[in-house]
Amino acid sequence: MTQSIRILLIEDNLEEAAQVRQVLRETEEPFSVEHAETLFAGIDKLLSQEIDVILLDLDLPDSEGLGTIIALHFQVPQMPIVVLTSIADRNLAASVIQEGAQDCLPKTNVDADSLTRSIRYAIERTHRERAESTLRNSEARYRGLVNSLPVCVLQKDLDGRFIFANRAYSEFTGHDANDILGKTDFDLSPQDVAEKFRQDDLKVVRTGRQFRDVEVNTTDGKTTWVEVIKSPIRDARGEVVGTQAIFWDVSERQLAVEALTQAKEAAEDASRAKSEFLANMSHEIRTPLNAVIGMTELLLDTQLTQTQRDYLKMILESGESLLSIINDILDFSKIEAGKLDLHIKPFEIRETVGDMMKPLGVRAGANHVELTCHFDASVPAVVEGDAHRLRQVVVNLVGNAIKFTEVGEIDFDVQVDSITPENEAILHFQVRDTGIGIPEDKLGTIFEAFEQADSGSTRQYGGTGLGLAICARLVDLMDGKIWVESTLGEGSTFHFTGRFPIAESNGQMRREGTTRVQGTRVLIVDDNATNRLILDEIVRNWGMRPLMAADAEEGLMLLHEAVSAGDPFTILLTDFEMPGKNGVELIEAIRESKELRSTLVTMLSSSERPTTRSQCEALDVNAFLMKPVKQSELFDAIVVALGVELPESEWHLQALEDRESIRPLKILLAEDNIANQRLAIALLEKWGHEVTLAVNGQEALDTWRADTYDLVVMDVQMPEMDGLEATRRIRNIEKIRGGHIPIVAMTAHALAGDREKCLAAGMDGYTSKPLRIDDLYEAIAQFFTSGSNESPSPVQPQQVASGSHFNWTHALRACDGDRVLLLDLLKIFIDETPRLLDRLDAALADDRSDDAYRAIHTVVGSLRILGPGPASEAARTLEQAIISGNLTRAADLTGPLHEKLEQLYSLAADIVSGRQLLP
Ligand code: ADP
């Protein structure tokens, strides 16, 4: 429905007003009419009501002539007005329109049509005028605004001609805005700059999108950096008809950015230089330290008085602690420089962590603090990760716990937080101590470098404050988190998590061995509740039947009770240090009791005192284990005690365990440092290898060409030609001559990337300095054990040694699993025993029983580590005969002993020479 047009009729003559109304009624238009008889009444209505148009009589009681129009427009500007006059006068009509009315009609004879047309025209015209004036106003406002902006604004048509430029732009260019209009960028800027502007404009036109850039603007010879926003100008239909650019000067900012970039590059250079410097410095410090530690280890292997041994141990410990500080600093700088990577390999986490705990257990034990270690049963046996870096974190946290705990205990615990869909275990490690605790305000900062809770001048505890910072970054590399909870004076719990893929080899673990201990009754005696619970959980998981006692008295009572009940304990696991009766006293009581005497005993202790060991031996203790005890060794000890052992512990994965003896090799050693030369030669020769020395890369190359070797051990940094270059050349010659000699790198550089450099140069293995016996052994062993692909050996091992002469499990355990040591001992055994027997024979012939005893006692001792067998039995019988003073019988027994020993010699000689392998 069309809206009615609201008309205000201002007419003092009522008759005439009625006539107008009548005419309006005759139209078909939807008019509504308001009537006022005076100007004031009309204005009143105009202000209080919505009116579209006024029909106006000029002569009113309160106003006359054109003044009436002026008065109305004053009150309501731009109101459409149609004047109705009594006389038709052209001049009057012209004046009326000039004053702002839209039309002028005679009152008399006005017909409906012309009135309607006039009204409509008046309304439309006023609307148009209103719109035009709004447009003019807004344009004026726009220009005013744009001209007052501190940024340059300009508009161009599609040909690139300026159609608008604001005041800022004309100031920027130094040209009057009117001079700019009609020009193009090519008139104001150099060709290349103008071309860029043009291309950018065309891009905006083509894409219809806004464009933003920081660019060089050279206009009228002045160059500045500007930030520019260009956008399309569209007409009413949305067509792009030109471009608009807004830009402003960013020269200052740009200069600051450039200065910042330069500063950043300089800082990065400095950081690189720092990292290089640290690597070099660490090399320089490690080289002499290498000699100090290595030579000390060698000296410790010789015959020494106790005092000399103690001094040397102190040198070794100090050297190692210096090395660990250097390693800390180097690690930290490597991590800071983003150069530390994890080396991910599968490892048996219980074994690896268990091994880390041993020396920590001894340290804790020395402070009379108990260290316990618990793995939840759900923790996978084999995971993938960097065991070395995990060790660093664990040793640091447990080391700190020991350092800051005077009484109580330290519990290390591992749980599985979750298993990811990618079959990765998120492990949660906790180290809880009952030590001094950490003040609340320090809890947030101790993970930062060089931060210590107790940093005042009265510091009681040593340290660099780097340990936790390194831990935090290593944990970060393991995708984990580290945090601490602590109450001052009560203790702290450090937590960390890490992501460890579960190794596929888990499936290969052989666990059937536990059936052999199932159902066996075991008594656990330990004053420490945590330890009791851990041991209880472990043996329960193997299907054993445990019971716990908190001290020796309770233990004894339970042992007796079990006998009375007809279900005695087969085996006892007892702690050594306990209030009241200690472990040894408990065992003494057991051995004195007729009904308990035969109980098998495993002793757990956190102190390494030799007297305790010998007391235990005298009391027929089956095994003596250092705390915290590893599950695997506890299992081994129990099966050995029960007499149900297999030759090898079934806890170890074959793949992770391959550590076999290396046959004697012909080795070319390239090393320039004299101390390192002596150390490496001493180690290699100790293992039975023949070593040829070259003092630089060139000499190594020449020596290698002139002879045949099994292996090259190559220092990386050497004068004249370094190890990498020498290796490259050897590999090049091999391309022609054929063959591939294993080359193991030795380097004091331990930055990530060094290994890759060595491998890229053609080296096959890598060991870092200071040379550690185990590392060097491993680096060589990978090529010369039966698992390795290399088989250049002229003396091929024939078979795995077997037979009843040696008890290998026993012998290896006596050497702490160290095959190299066992080989050394076998060598000594072959060299020494015949001499001892000669001495024995001579002493027996001369009736010198003391000398004879000393000789046979030494033989018995060296046979002990090889385990029970015919030879050790014969030697022991002979020893008994000498002790009982029966030298004639002793002389008779030497024949059978010689015979048994001969068999042992030949087997030992085969093994030492590499003809047979250790199992
Ligand atoms: P530091 O070499 O000084 O031990 P760390 O980074 O390992 O350096 O430890 C930083 C500081 O955190 C320590 O100096 C000590 O104040 C505090 N701290 C760390 N572990 C413990 C803890 N188990 N109990 C109490 N304080 C601790």
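Comparison of R120, R141, R136 shows that the only residue that is open to solvent by 80 Å² or more (accessible area, probe 1.4 Å), outside any strand (DSSP E or B) and closer than 25 Å to F31 by Cα is R120. All conditions in (1) within 16 Å of the ligand (Cβ to nearest atom); (2) at pLDDT 85 or above; (3) surrounded by 16 or more Cβ atoms within 10 Å (Cβ to Cβ) hold for A453, with the sole exception of (2).
State whether one or more residues within the stretch 210-217 are touching a Lys or Arg at 6+ places or on another chain (Cβ under 6 Å), assigned to a helix (DSSP H, G or I) and of a type outside the set (S, T, Y).
No, the conditions are met nowhere in the stretch 210-217.
Only one entry in R130, R161 is more than 21 Å from V241 (Cβ to Cβ), open to solvent by 30 Å² or more (accessible area, probe 1.4 Å) and of a type in the set (D, E, K, R), namely R130. Scanning the stretch 464-485 for residues being near the ligand (Cβ under 7 Å from one of its atoms) and in contact with a Phe, Trp or Tyr (Cβ under 9 Å, 6 or more places away or on another chain) gives a total of 5. For the stretch 233-241, the count of residues that are on the phi > 0 side of the Ramachandran plot, modelled with pLDDT of 85 or more and of a type outside the set (D, E, K, R) is at least one. In the set A377, A387, only one residue is away from the ligand (no atom under 15 Å from the Cβ), more than 22 Å from L488 (Cβ to Cβ) and surrounded by fewer than 19 Cβ atoms within 10 Å (Cβ to Cβ); that residue is A377.
Candidates in the stretch 486-510 are the residues that are at pLDDT below 85 and under 18 Å from H343 (Cβ atoms); of these, the one that is nearest to the ligand (Cβ to nearest atom) is A503. Residues that are surrounded by 21 or more Cβ atoms within 10 Å (Cβ to Cβ) and either modelled with pLDDT under 80 or more than 40 Å from the chain's Cα centre (by Cα) (or both) within the stretch 664-679 comprise L665, N676, L679, listed in sequence order. Checking each residue in the stretch 853-874 for being in a helix (DSSP H, G or I), aliphatic (A, V, I, L, M) and out of contact with any Lys or Arg (no Cβ under 8 Å at 6 or more places or on another chain) picks out I856, V859, L863.
This table checks each residue for (1) open to solvent by less than 30 Å² (accessible area, probe 1.4 Å); (2) in contact with a helix residue (DSSP H, G or I) (Cβ under 9 Å, 6 or more places away or on another chain); (3) of a type in the set (G, A, S).
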position	(1), (2), (3)
I180	yes, yes, no
F186	no, yes, no
V193	yes, yes, no
D200	yes, no, no
V214	no, yes, no
K222	no, yes, no
K230	yes, yes, no
R234	no, no, no
T243	yes, yes, no
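The rows are residues; the columns are (1) closer than 30 Å to E384 by Cα; (2) open to solvent by 40 Å² or more (accessible area, probe 1.4 Å); (3) in contact (Cβ under 8 Å) with a residue 40 or more places away in the chain.
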position: A291; (1), (2), (3): no, no, yes
position: M295; (1), (2), (3): no, yes, yes
position: L298; (1), (2), (3): no, no, yes
position: T305; (1), (2), (3): no, yes, no
position: M314; (1), (2), (3): no, yes, no
position: L322; (1), (2), (3): no, yes, no
position: F332; (1), (2), (3): yes, no, yes
position: H343; (1), (2), (3): yes, yes, yes
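Of the helices (runs of 4 or more DSSP H) that lie entirely inside the stretch 526-632, those containing 1 or more residues that are under 43 Å from the mean Cα position of the chain (by Cα) and surrounded by fewer than 21 Cβ atoms within 10 Å (Cβ to Cβ) span 529-541, 610-618.
The values are calculated or read from the model by the stated rules, or taken from the named source; none is laboratory data. Just so we're clear, the structure is a prediction, and the values are computed from it rather than from any experiment. Glycine gets a Cβ as well: all are built from the backbone with ideal geometry, and neighbour counts include every protein chain shown. For the accessible areas, the whole protein counts, side chains as well, though only heavy atoms, and no ligand, DNA or RNA atoms are used. Shrake-Rupley method; radii C 1.70, N 1.55, O 1.52, S 1.80 Å.
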